[in-house]
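The values are calculated or read from the model by the stated rules, or taken from the named source; none is laboratory data. Just so it is clear, the model here is predicted, and its values are computed rather than measured. Counting neighbours? That spans all protein chains shown, and the Cβs are built from the backbone with ideal geometry, glycine included.
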Amino acid sequence: MEEVLEGRSSFFAMAGTYFLGVFNDNFFKQAALLLAVTAGLSGLQGKATMLFSLPFILFSAYAGWFADRFPKRQVIIWVKILEVVAMMMGAYGILTLSWQWILAMISLMGLQSTFFGPALNGSIPELYPAWYITKANAFLKLATTSAILLGMAAAGIALDQRWMHTEIPFGRVLVASIVLLVSLAGLITAFGIKKNEFSSTTIKAPFPWSGPLASLRDSIHLYRDPLLLLAVIGDAFFYFFSLIAVMVINTMGISELHMSTTATSLLAVALMVGVCGGSLIAARITTPKRWTYVLAPSSFGMGIFLFGTGVVAGLDVNSQWLLLLLFLTGTGICGGIFLIPFTAFIQVRPKSHQKGKVISAANFCAFSGMLVAGQVFSILDGCFIPSSSMLVLGSLGMGAAIFFYVGAIIANRYDKNLQHIETA
(Lines give C-alpha, C1' and ligand atoms only; values in the text may rest on other atoms or scores of the structure.)
Protein backbone atom coordinates (compact mmCIF):
# COMPACT_ATOMS: atom_id res chain seq x y z
CA MET A 1 0.00 0.00 0.00
CA GLU A 2 2.90 2.37 0.73
CA GLU A 3 4.14 1.86 -2.82
CA VAL A 4 0.71 2.85 -4.14
CA LEU A 5 0.67 6.08 -2.10
CA GLU A 6 4.17 7.05 -3.28
CA GLY A 7 3.15 6.87 -6.93
CA ARG A 8 -0.10 8.77 -6.49
CA SER A 9 1.14 12.36 -7.04
CA SER A 10 2.97 11.44 -10.23
CA PHE A 11 -0.05 9.43 -11.36
CA PHE A 12 -2.31 12.49 -10.94
CA ALA A 13 0.05 14.55 -13.13
CA MET A 14 0.15 11.71 -15.65
CA ALA A 15 -3.64 11.35 -15.63
CA GLY A 16 -4.05 15.12 -16.02
CA THR A 17 -1.66 15.21 -18.96
CA TYR A 18 -3.41 12.26 -20.56
CA PHE A 19 -6.86 13.74 -19.87
CA LEU A 20 -6.03 17.06 -21.54
CA GLY A 21 -4.38 15.40 -24.52
CA VAL A 22 -7.24 12.96 -25.09
CA PHE A 23 -9.81 15.74 -24.63
CA ASN A 24 -8.04 17.87 -27.24
CA ASP A 25 -7.70 15.00 -29.72
CA ASN A 26 -11.36 14.08 -29.52
CA PHE A 27 -12.66 17.64 -29.28
CA PHE A 28 -10.84 18.60 -32.46
CA LYS A 29 -11.58 15.38 -34.37
CA GLN A 30 -15.28 15.47 -33.49
CA ALA A 31 -15.55 19.14 -34.47
CA ALA A 32 -13.82 18.44 -37.79
CA LEU A 33 -15.96 15.36 -38.49
CA LEU A 34 -19.19 17.19 -37.67
CA LEU A 35 -18.18 20.06 -39.97
CA ALA A 36 -17.43 17.52 -42.71
CA VAL A 37 -20.78 15.71 -42.34
CA THR A 38 -22.66 19.04 -42.21
CA ALA A 39 -20.92 20.06 -45.44
CA GLY A 40 -22.02 16.80 -47.08
CA LEU A 41 -18.49 15.34 -46.91
CA SER A 42 -19.13 12.34 -44.66
CA GLY A 43 -16.52 10.37 -46.62
CA LEU A 44 -13.83 12.59 -45.04
CA GLN A 45 -14.49 10.76 -41.75
CA GLY A 46 -12.90 7.62 -43.17
CA LYS A 47 -9.99 9.56 -44.67
CA ALA A 48 -9.33 11.41 -41.41
CA THR A 49 -9.39 8.12 -39.50
CA MET A 50 -6.85 6.57 -41.86
CA LEU A 51 -4.53 9.61 -41.65
CA PHE A 52 -4.67 9.52 -37.84
CA SER A 53 -3.93 5.79 -37.78
CA LEU A 54 -1.12 5.72 -40.35
CA PRO A 55 1.62 7.17 -38.07
CA PHE A 56 0.98 4.39 -35.54
CA ILE A 57 1.63 1.81 -38.25
CA LEU A 58 4.73 3.53 -39.63
CA PHE A 59 6.38 4.70 -36.40
CA SER A 60 5.23 2.42 -33.55
CA ALA A 61 8.55 0.53 -33.54
CA TYR A 62 10.47 3.81 -33.13
CA ALA A 63 8.08 4.94 -30.38
CA GLY A 64 8.65 1.71 -28.45
CA TRP A 65 12.41 2.05 -28.77
CA PHE A 66 12.34 5.64 -27.46
CA ALA A 67 10.11 4.61 -24.52
CA ASP A 68 12.56 1.83 -23.58
CA ARG A 69 15.72 3.82 -24.31
CA PHE A 70 15.02 7.25 -22.75
CA PRO A 71 13.32 8.46 -19.53
CA LYS A 72 9.60 8.24 -20.20
CA ARG A 73 8.93 11.66 -18.64
CA GLN A 74 11.33 13.26 -21.13
CA VAL A 75 9.59 11.57 -24.07
CA ILE A 76 6.18 12.71 -22.81
CA ILE A 77 7.28 16.37 -22.54
CA TRP A 78 8.71 16.45 -26.06
CA VAL A 79 5.55 14.85 -27.40
CA LYS A 80 3.39 17.49 -25.69
CA ILE A 81 5.47 20.20 -27.38
CA LEU A 82 4.68 18.53 -30.71
CA GLU A 83 0.99 18.58 -29.74
CA VAL A 84 1.10 22.38 -29.35
CA VAL A 85 2.50 22.67 -32.88
CA ALA A 86 -0.18 20.30 -34.21
CA MET A 87 -2.96 22.30 -32.57
CA MET A 88 -1.68 25.52 -34.12
CA MET A 89 -2.08 23.90 -37.54
CA GLY A 90 -5.50 22.57 -36.59
CA ALA A 91 -6.71 25.93 -35.31
CA TYR A 92 -5.74 27.56 -38.59
CA GLY A 93 -7.54 24.82 -40.51
CA ILE A 94 -10.74 25.23 -38.49
CA LEU A 95 -10.72 29.03 -38.84
CA THR A 96 -10.21 28.92 -42.61
CA LEU A 97 -12.16 25.66 -43.08
CA SER A 98 -9.15 24.35 -45.00
CA TRP A 99 -9.49 20.58 -45.14
CA GLN A 100 -5.85 20.20 -46.18
CA TRP A 101 -4.69 21.86 -42.94
CA ILE A 102 -7.23 19.97 -40.86
CA LEU A 103 -6.20 16.61 -42.28
CA ALA A 104 -2.50 17.50 -41.92
CA MET A 105 -3.10 18.34 -38.26
CA ILE A 106 -4.94 15.06 -37.69
CA SER A 107 -1.99 13.18 -39.18
CA LEU A 108 0.49 15.06 -36.96
CA MET A 109 -1.78 14.43 -33.98
CA GLY A 110 -1.55 10.73 -34.76
CA LEU A 111 2.25 11.00 -34.82
CA GLN A 112 2.45 12.59 -31.37
CA SER A 113 0.00 10.03 -29.98
CA THR A 114 2.19 7.25 -31.41
CA PHE A 115 5.11 8.31 -29.21
CA PHE A 116 2.96 9.34 -26.25
CA GLY A 117 1.23 5.97 -25.71
CA PRO A 118 4.24 3.67 -25.02
CA ALA A 119 5.92 6.26 -22.80
CA LEU A 120 2.84 6.89 -20.66
CA ASN A 121 1.48 3.34 -20.50
CA GLY A 122 4.95 1.97 -19.84
CA SER A 123 5.23 4.30 -16.83
CA ILE A 124 2.30 2.74 -14.97
CA PRO A 125 4.10 -0.52 -14.04
CA GLU A 126 7.02 1.60 -12.81
CA LEU A 127 4.73 3.48 -10.43
CA TYR A 128 2.65 0.62 -9.00
CA PRO A 129 2.95 -3.04 -7.96
CA ALA A 130 1.49 -5.66 -10.32
CA TRP A 131 -1.59 -6.30 -8.16
CA TYR A 132 -2.66 -2.65 -8.48
CA ILE A 133 -2.16 -2.33 -12.26
CA THR A 134 -5.76 -3.23 -13.20
CA LYS A 135 -7.15 -0.65 -10.76
CA ALA A 136 -4.69 2.02 -11.94
CA ASN A 137 -5.68 1.33 -15.55
CA ALA A 138 -9.36 1.49 -14.66
CA PHE A 139 -8.91 4.91 -13.04
CA LEU A 140 -6.80 6.09 -15.96
CA LYS A 141 -9.38 4.75 -18.42
CA LEU A 142 -12.09 6.52 -16.43
CA ALA A 143 -10.17 9.80 -16.72
CA THR A 144 -9.40 9.38 -20.40
CA THR A 145 -12.88 8.15 -21.31
CA SER A 146 -14.29 11.14 -19.45
CA ALA A 147 -12.00 13.27 -21.59
CA ILE A 148 -13.27 11.55 -24.74
CA LEU A 149 -16.92 12.08 -23.86
CA LEU A 150 -16.34 15.67 -22.76
CA GLY A 151 -14.39 16.35 -25.94
CA MET A 152 -17.10 14.85 -28.13
CA ALA A 153 -19.92 16.61 -26.29
CA ALA A 154 -18.11 19.96 -26.16
CA ALA A 155 -17.33 19.85 -29.90
CA GLY A 156 -20.97 19.76 -30.93
CA ILE A 157 -21.96 22.32 -28.30
CA ALA A 158 -19.10 24.68 -29.23
CA LEU A 159 -19.98 24.62 -32.93
CA ASP A 160 -23.58 25.57 -32.11
CA GLN A 161 -22.57 28.67 -30.10
CA ARG A 162 -23.44 32.15 -31.39
CA TRP A 163 -22.23 34.40 -28.56
CA MET A 164 -21.36 37.26 -30.89
CA HIS A 165 -21.30 38.14 -34.56
CA THR A 166 -17.93 37.39 -36.16
CA GLU A 167 -16.76 37.22 -39.76
CA ILE A 168 -15.83 33.58 -39.21
CA PRO A 169 -18.70 31.66 -37.54
CA PHE A 170 -18.20 32.06 -33.80
CA GLY A 171 -18.41 28.31 -33.16
CA ARG A 172 -15.28 27.72 -35.25
CA VAL A 173 -13.44 30.56 -33.49
CA LEU A 174 -14.33 28.99 -30.14
CA VAL A 175 -13.07 25.55 -31.24
CA ALA A 176 -9.76 27.00 -32.47
CA SER A 177 -9.23 28.90 -29.20
CA ILE A 178 -9.99 25.88 -27.01
CA VAL A 179 -7.59 23.51 -28.77
CA LEU A 180 -4.71 25.96 -28.37
CA LEU A 181 -5.38 26.64 -24.68
CA VAL A 182 -5.82 22.96 -23.78
CA SER A 183 -2.61 21.93 -25.58
CA LEU A 184 -0.63 24.52 -23.57
CA ALA A 185 -2.25 23.32 -20.32
CA GLY A 186 -1.28 19.72 -21.16
CA LEU A 187 2.34 20.73 -21.68
CA ILE A 188 2.41 22.41 -18.26
CA THR A 189 0.96 19.39 -16.43
CA ALA A 190 3.52 17.07 -18.09
CA PHE A 191 6.26 18.70 -16.02
CA GLY A 192 4.56 17.36 -12.87
CA ILE A 193 5.27 13.74 -13.85
CA LYS A 194 7.99 12.26 -11.63
CA LYS A 195 11.22 11.13 -13.25
CA ASN A 196 11.65 7.51 -12.20
CA GLU A 197 14.98 6.58 -10.66
CA PHE A 198 15.21 3.52 -12.88
CA SER A 199 16.56 4.64 -16.23
CA SER A 200 16.02 2.44 -19.25
CA THR A 201 18.98 4.12 -20.95
CA THR A 202 21.02 1.16 -19.78
CA ILE A 203 19.12 -1.04 -22.23
CA LYS A 204 21.09 -1.17 -25.46
CA ALA A 205 18.42 -2.51 -27.77
CA PRO A 206 19.24 -1.82 -31.44
CA PHE A 207 17.32 0.92 -33.18
CA PRO A 208 14.48 -0.60 -35.26
CA TRP A 209 15.55 0.81 -38.62
CA SER A 210 13.01 -1.29 -40.49
CA GLY A 211 10.18 0.61 -38.76
CA PRO A 212 6.78 -0.91 -39.57
CA LEU A 213 8.46 -4.18 -40.60
CA ALA A 214 9.92 -4.36 -37.07
CA SER A 215 6.44 -3.72 -35.63
CA LEU A 216 5.01 -6.43 -37.86
CA ARG A 217 7.75 -8.83 -36.77
CA ASP A 218 7.17 -8.02 -33.08
CA SER A 219 3.44 -8.57 -33.59
CA ILE A 220 3.97 -11.93 -35.30
CA HIS A 221 6.31 -13.04 -32.50
CA LEU A 222 3.43 -12.66 -30.04
CA TYR A 223 2.27 -16.13 -31.12
CA ARG A 224 4.85 -17.44 -28.62
CA ASP A 225 2.58 -16.15 -25.86
CA PRO A 226 -1.02 -16.97 -26.88
CA LEU A 227 -2.58 -15.08 -23.97
CA LEU A 228 -0.68 -11.92 -24.90
CA LEU A 229 -1.60 -12.47 -28.55
CA LEU A 230 -5.27 -12.81 -27.58
CA ALA A 231 -5.05 -9.55 -25.60
CA VAL A 232 -3.51 -7.69 -28.55
CA ILE A 233 -6.10 -9.08 -30.99
CA GLY A 234 -8.92 -8.12 -28.63
CA ASP A 235 -7.48 -4.63 -28.15
CA ALA A 236 -7.25 -4.14 -31.93
CA PHE A 237 -10.79 -5.45 -32.44
CA PHE A 238 -12.20 -3.03 -29.84
CA TYR A 239 -10.71 0.04 -31.53
CA PHE A 240 -11.71 -1.17 -35.00
CA PHE A 241 -15.24 -1.84 -33.82
CA SER A 242 -15.77 1.25 -31.68
CA LEU A 243 -14.32 3.66 -34.24
CA ILE A 244 -16.71 2.51 -36.94
CA ALA A 245 -19.54 2.85 -34.43
CA VAL A 246 -18.64 6.49 -33.67
CA MET A 247 -18.45 7.41 -37.37
CA VAL A 248 -21.79 5.72 -38.07
CA ILE A 249 -23.31 7.59 -35.09
CA ASN A 250 -22.22 10.92 -36.62
CA THR A 251 -23.77 10.21 -40.02
CA MET A 252 -26.85 8.60 -38.45
CA GLY A 253 -27.54 11.61 -36.23
CA ILE A 254 -27.01 14.36 -38.79
CA SER A 255 -27.81 12.78 -42.17
CA GLU A 256 -30.45 10.15 -41.37
CA LEU A 257 -32.20 11.46 -38.24
CA HIS A 258 -31.54 15.20 -38.92
CA MET A 259 -30.37 15.99 -35.39
CA SER A 260 -28.30 18.99 -34.34
CA THR A 261 -24.53 18.66 -33.87
CA THR A 262 -25.10 18.84 -30.09
CA ALA A 263 -27.65 16.00 -30.05
CA THR A 264 -25.46 13.90 -32.35
CA SER A 265 -22.38 14.40 -30.20
CA LEU A 266 -24.35 13.40 -27.11
CA LEU A 267 -25.14 10.06 -28.75
CA ALA A 268 -21.40 9.40 -29.05
CA VAL A 269 -20.99 10.64 -25.47
CA ALA A 270 -23.48 8.01 -24.28
CA LEU A 271 -21.19 5.35 -25.71
CA MET A 272 -18.22 6.78 -23.80
CA VAL A 273 -20.20 7.16 -20.56
CA GLY A 274 -20.93 3.47 -20.80
CA VAL A 275 -17.24 2.71 -21.26
CA CYS A 276 -16.51 4.62 -18.03
CA GLY A 277 -19.01 2.49 -16.14
CA GLY A 278 -17.76 -0.70 -17.76
CA SER A 279 -14.17 0.18 -16.85
CA LEU A 280 -15.05 0.43 -13.16
CA ILE A 281 -16.93 -2.87 -13.32
CA ALA A 282 -13.94 -4.52 -15.02
CA ALA A 283 -11.62 -3.27 -12.26
CA ARG A 284 -13.75 -5.09 -9.70
CA ILE A 285 -14.34 -8.37 -11.48
CA THR A 286 -11.05 -8.98 -13.32
CA THR A 287 -7.30 -9.10 -12.57
CA PRO A 288 -4.26 -9.55 -14.86
CA LYS A 289 -4.39 -13.26 -13.91
CA ARG A 290 -8.15 -13.76 -14.32
CA TRP A 291 -9.77 -11.91 -17.17
CA THR A 292 -10.51 -14.04 -20.22
CA TYR A 293 -13.91 -15.21 -18.96
CA VAL A 294 -15.47 -11.76 -19.62
CA LEU A 295 -14.50 -11.57 -23.30
CA ALA A 296 -17.27 -13.53 -24.99
CA PRO A 297 -20.19 -12.14 -22.88
CA SER A 298 -19.01 -8.51 -23.26
CA SER A 299 -18.42 -8.89 -27.01
CA PHE A 300 -21.91 -10.37 -27.41
CA GLY A 301 -23.29 -7.52 -25.29
CA MET A 302 -21.68 -4.87 -27.52
CA GLY A 303 -23.20 -6.59 -30.54
CA ILE A 304 -26.73 -6.95 -29.20
CA PHE A 305 -26.90 -3.33 -27.98
CA LEU A 306 -25.61 -1.95 -31.30
CA PHE A 307 -28.10 -4.14 -33.16
CA GLY A 308 -30.81 -2.62 -30.97
CA THR A 309 -29.47 0.86 -31.81
CA GLY A 310 -29.88 0.13 -35.51
CA VAL A 311 -33.44 -1.15 -35.01
CA VAL A 312 -34.49 1.95 -33.01
CA ALA A 313 -32.86 4.33 -35.52
CA GLY A 314 -34.75 2.71 -38.38
CA LEU A 315 -38.16 3.04 -36.72
CA ASP A 316 -40.36 6.06 -36.14
CA VAL A 317 -40.91 5.54 -32.41
CA ASN A 318 -41.61 7.83 -29.46
CA SER A 319 -38.58 8.93 -27.39
CA GLN A 320 -36.27 7.71 -30.14
CA TRP A 321 -33.30 9.82 -29.00
CA LEU A 322 -33.60 8.60 -25.39
CA LEU A 323 -33.79 4.98 -26.53
CA LEU A 324 -30.67 5.51 -28.67
CA LEU A 325 -28.89 6.94 -25.62
CA LEU A 326 -29.91 3.88 -23.60
CA PHE A 327 -28.71 1.33 -26.16
CA LEU A 328 -25.45 3.16 -26.80
CA THR A 329 -24.76 3.40 -23.07
CA GLY A 330 -25.27 -0.36 -22.83
CA THR A 331 -22.84 -0.83 -25.72
CA GLY A 332 -20.26 1.25 -23.88
CA ILE A 333 -20.64 -0.65 -20.60
CA CYS A 334 -19.94 -3.92 -22.37
CA GLY A 335 -17.07 -2.24 -24.22
CA GLY A 336 -15.42 -1.07 -20.97
CA ILE A 337 -15.64 -4.57 -19.49
CA PHE A 338 -14.17 -5.93 -22.73
CA LEU A 339 -11.26 -3.44 -23.02
CA ILE A 340 -9.77 -2.93 -19.56
CA PRO A 341 -8.47 -6.50 -19.05
CA PHE A 342 -6.53 -6.24 -22.32
CA THR A 343 -4.93 -2.95 -21.33
CA ALA A 344 -3.78 -4.24 -17.95
CA PHE A 345 -2.50 -7.58 -19.27
CA ILE A 346 -0.49 -5.97 -22.09
CA GLN A 347 1.25 -3.75 -19.51
CA VAL A 348 1.94 -6.46 -16.93
CA ARG A 349 2.84 -9.48 -19.05
CA PRO A 350 6.06 -8.31 -20.84
CA LYS A 351 9.43 -8.16 -19.10
CA SER A 352 10.43 -4.69 -17.87
CA HIS A 353 12.89 -3.97 -20.70
CA GLN A 354 10.38 -5.08 -23.36
CA LYS A 355 7.26 -3.20 -22.25
CA GLY A 356 7.74 -0.34 -24.70
CA LYS A 357 8.28 -2.77 -27.60
CA VAL A 358 5.22 -4.87 -26.74
CA ILE A 359 2.98 -1.84 -26.14
CA SER A 360 4.15 -0.43 -29.47
CA ALA A 361 3.35 -3.74 -31.19
CA ALA A 362 -0.10 -3.58 -29.60
CA ASN A 363 -0.51 0.00 -30.86
CA PHE A 364 0.62 -1.11 -34.32
CA CYS A 365 -2.10 -3.78 -34.35
CA ALA A 366 -4.76 -1.49 -32.85
CA PHE A 367 -4.18 1.29 -35.34
CA SER A 368 -3.89 -1.12 -38.24
CA GLY A 369 -7.41 -2.05 -37.18
CA MET A 370 -8.36 1.63 -37.10
CA LEU A 371 -6.86 2.15 -40.55
CA VAL A 372 -9.01 -0.71 -41.84
CA ALA A 373 -11.97 0.78 -39.93
CA GLY A 374 -11.72 3.95 -42.02
CA GLN A 375 -11.92 1.89 -45.21
CA VAL A 376 -14.73 -0.32 -43.91
CA PHE A 377 -16.73 2.75 -42.88
CA SER A 378 -16.36 4.20 -46.39
CA ILE A 379 -17.75 0.96 -47.81
CA LEU A 380 -20.64 0.86 -45.34
CA ASP A 381 -21.37 4.55 -45.94
CA GLY A 382 -21.60 3.91 -49.67
CA CYS A 383 -23.73 0.76 -49.43
CA PHE A 384 -26.10 1.26 -46.48
CA ILE A 385 -27.99 3.91 -44.61
CA PRO A 386 -26.46 4.43 -41.11
CA SER A 387 -29.14 2.47 -39.24
CA SER A 388 -28.47 -0.56 -41.46
CA SER A 389 -24.73 -0.16 -40.86
CA MET A 390 -25.51 -0.41 -37.14
CA LEU A 391 -27.24 -3.73 -37.75
CA VAL A 392 -24.14 -4.99 -39.57
CA LEU A 393 -21.90 -3.88 -36.69
CA GLY A 394 -24.17 -5.50 -34.14
CA SER A 395 -24.02 -8.79 -36.00
CA LEU A 396 -20.23 -8.54 -36.13
CA GLY A 397 -20.01 -8.03 -32.36
CA MET A 398 -22.20 -11.04 -31.65
CA GLY A 399 -20.21 -13.18 -34.09
CA ALA A 400 -16.89 -12.10 -32.56
CA ALA A 401 -18.07 -13.47 -29.21
CA ILE A 402 -17.62 -16.99 -30.60
CA PHE A 403 -14.03 -16.24 -31.62
CA PHE A 404 -13.13 -14.86 -28.19
CA TYR A 405 -14.80 -17.77 -26.39
CA VAL A 406 -12.78 -20.33 -28.35
CA GLY A 407 -9.62 -18.21 -28.29
CA ALA A 408 -9.74 -17.86 -24.51
CA ILE A 409 -10.03 -21.63 -24.04
CA ILE A 410 -7.08 -22.37 -26.35
CA ALA A 411 -4.84 -19.62 -24.93
CA ASN A 412 -5.48 -20.56 -21.30
CA ARG A 413 -4.86 -24.25 -22.00
CA TYR A 414 -1.55 -23.47 -23.73
CA ASP A 415 -0.48 -21.14 -20.93
CA LYS A 416 -1.18 -23.76 -18.26
CA ASN A 417 0.83 -26.37 -20.18
CA LEU A 418 3.72 -23.91 -20.60
CA GLN A 419 3.76 -23.11 -16.87
CA HIS A 420 3.70 -26.83 -16.04
CA ILE A 421 6.72 -27.46 -18.30
CA GLU A 422 8.67 -24.52 -16.80
CA THR A 423 7.88 -25.70 -13.26
CA ALA A 424 8.97 -29.25 -14.05
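Scanning region 55-79 for residues that are among the hydrophobic types (A, V, I, L, M, F, W, C) and surrounded by fewer than 20 Cβ atoms within 10 Å (Cβ to Cβ), which turns out modelled with the lowest pLDDT? Lay out the reasoning, then the answer.
Kept after step one, since they are among the hydrophobic types (A, V, I, L, M, F, W, C), are these residues of region 55-79: 56-59, 61, 63, 65-67, 70, 75-79.
Next cut, surrounded by fewer than 20 Cβ atoms within 10 Å (Cβ to Cβ) only: 58, 70, 77-78.
Working: Leu58: 84, Phe70: 79, Ile77: 88, Trp78: 87.
It comes out as Phe70.
What about Leu44, is it modelled with pLDDT of 80 or more and either buried (at least 19 other Cβ atoms within 10 Å of the Cβ) or farther than 20 Å from Ile359 by Cβ (or both)? Taking the combined requirement at face value, the residue satisfies it. Of Leu120, Leu103, all but one fail to be among the hydrophobic types (A, V, I, L, M, F, W, C), assigned to a helix (DSSP H, G or I) and surrounded by fewer than 24 Cβ atoms within 10 Å (Cβ to Cβ); the exception is Leu103.
Within region 269-287, being small (Gly, Ala, Ser) and either over 16 Å from Ala155 (Cα atoms) or without any contact (Cβ under 8 Å) to a residue 60 or more places away in the chain (or both) holds for Gly274, Gly277, Gly278, Ser279, Ala282, Ala283.
Based on what the data block shows, is Phe191 modelled with pLDDT under 75 and either basic (Lys, Arg) or surrounded by fewer than 16 Cβ atoms within 10 Å (Cβ to Cβ) (or both)?
Here the answer is no, as Phe191 does not meet what is asked.
Filtered by the rule that a residue be modelled with pLDDT of 90 or more and of a type in the set (Ser, Thr, Tyr), region 351-393 gives Ser387, Ser388, Ser389.
Out of everything in region 379-411 that is aromatic (Phe, Trp, Tyr) and farther than 17 Å from Ser255 by Cβ, what residue ends up being surrounded by the most Cβ atoms within 10 Å (Cβ to Cβ)?
Step one: list which residues in region 379-411 are aromatic (Phe, Trp, Tyr), which gives 384, 403-405.
Checking the rest, the ones that are also farther than 17 Å from Ser255 by Cβ come to 403-405.
Working: Phe403: 16, Phe404: 23, Tyr405: 16.
Going through the qualifying residues, I end up with Phe404.
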